[in-house]
1. Can you classify the stretch 175-216 as rounded, prolate or oblate using the Cα gyration tensor, where a ≥ b ≥ c are the square roots of its eigenvalues, rounded means a/c under 1.5, and otherwise it's prolate if a/b beats b/c and oblate if not?
2. Which three extents, in whole angstrom, do the alpha-carbon atoms of the stretch 153-202 cover along their principal axes, largest first?
3. Kirkwood Rh, Cα Rg: Rg to Rh for the stretch 117-214?
4. Per-residue counts of other Cβ atoms within 10 Å, averaged by peptide: what ranking do you get for 64-73, 241-250, highest first?
5. Post the alpha-carbon centroid distance, the stretch 180-253 to the stretch 42-112, in whole angstrom.
6. What translational diffusion coefficient, in µm²/s and rounded to a whole number, does the Stokes-Einstein relation yield for the stretch 43-99 at 25 °C and a viscosity of 0.890 mPa s, taking the hydrodynamic radius as the Kirkwood radius over Cα pairs?
């Protein structure tokens, strides 16, 4: 069974004989081709998880990735980890067969948008939305994730190769602070996740878009109950959710105290 750890080093062993989940040899070859070109993870469980009418599309490569879906059990864990709810707009970048937006709407009550390049997958996702009565809460569009505005999302979901994630990273970091990002297996380089979960030998990761806090900040506290007035001056340096810097504490009775510190936010 294939496994992945966050440092993006993938160790693999071949599935047991016949472990392609009943898929044909051609499907397995297509999947392995997509694995080589997109960095996806192929497991017997993943092959079994593909809807029957889409098995011929399994492993189909598109511009930035390929059709290798996130296991259904991990989808629910990722959405729970991101605390998706009725007030959210989830956008799935490379939505495949639509399982993440559909579950976000059906189980968690969110509004959702799937962006996918492969037209057959978009058509299937739309049919599923209609079949489940979710047409008013879920939309699927055929489009390029880099040419589509997803900045209004409160939750972003993706299962894309690390190289594509790095291209997306500036766009995601520019989104509203507090936006939640969940990814199947792969990360964003040295932007470390805030939380992780695992299911079926696959990993889900959560990031919270941090607020921009770098710079010089000042807080003044008036004198009270015999305590002198104080002024705190913070000089902050920021690397994603990590803050480092110096604080200067001034009072009327003494010159200045300096304290160095480091803070890491967490979900």
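We did not get these values from a lab; they are worked out from the coordinates using the rules stated. This structure is a prediction, so every number in the text was calculated from the model and none was measured. Methodologically, a virtual Cβ is constructed for each residue, glycine included, from the backbone with ideal geometry; neighbour enumeration extends over all protein chains shown.
1. Prolate, because a/c is 1.5 or more and a/b exceeds b/c.
2. On the principal axes, the stretch 153-202 reaches 32, 22, 17 Å in Cα extent.
3. That ratio is 1.00, to two decimals.
4. Top to bottom by mean Cβ count within 10 Å: 64-73, 241-250.
5. 31 Å
6. Using the Kirkwood radius from Cα pairs, D works out to 193 µm²/s.
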